[in-house]
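Just so it is clear, none of the values below were taken in a lab; they were calculated from the coordinates. Quantities reported herein were computed from a predicted structural model and do not represent experimental measurements. Cβ: placed from backbone, ideal geometry, glycine included. Neighbour counts: every protein chain shown.
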Amino acid sequence: MFKPVNRYVLINLLNPTQNITESGIMLPDDFKPQEERYVTAEVVAWAPDVRFKEDLQVGTKIIVDKPMVEEINMKNESINIVLDNYIIGIVEH
């Protein structure tokens, strides 16, 4: 289990991009479609020093600056983290 520190938040990106078109045609791995700058993510865990931790719960939906999401490969598993600075907002129901 990964435990974030130093104001990092462990997230799951929602609706990750895939290299398949809507018509089902597979695209080459090196094809890079234009992506949105901001994406929705789901909170998994957070560091104790996150500045707005009282507003977070496991499963909270947030909007993040996608270029600032860091992907780490650890023990054949890929995880995504983002510094709390790059969380733009919290999606409330």
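A simple count of charges around residue 2, restricted to other residues whose Cβ falls under 11 Å of its Cβ and scoring Lys, Arg +1 and Asp, Glu -1, yields +1.
Near residue 48, once Lys and Arg are set to +1 and Asp and Glu to -1 for all other residues with Cβ below 10 Å from its Cβ, the sum equals +2.
Per-residue Cβ neighbour counts within 10 Å put 3, 66 in the sequence 3, 66, beginning with the fewest.
For region 34-93, applying the loop criterion from DSSP together with a ceiling of 15 other beta carbons within 10 Å to the trypsin sites (Lys or Arg not before Pro) yields 37, 51, 75. Sites listed here are GluC sites (Glu not before Pro) in region 30-77 whose DSSP assignment is loop and whose Cβ has at most 13 other Cβ atoms within 10 Å: 35, 36.
Each label was represented as a point 7 Å from its Cα along the Cα-to-Cβ direction; for residue 14 and residue 91 these points are 0.2 nm apart.
The phi torsions of region 81-87, fed into the Karplus equation with coefficients 6.51, -1.76 and 1.60 and a -60° offset, translate into couplings of 10, 9, 6, 4, 4, 9, 8 Hz, rounded to whole numbers, with Gly and Pro shown as x. Summarising the amide proton neighbourhood of residue 2: residues at separation of 5 or more, or on other chains, whose placed amide H is nearer than 5 Å comprise an empty set. Taken along the Cα-to-beta-carbon direction at a fixed 7 Å, the label points for residue 42 and residue 57 span 1.4 nm.
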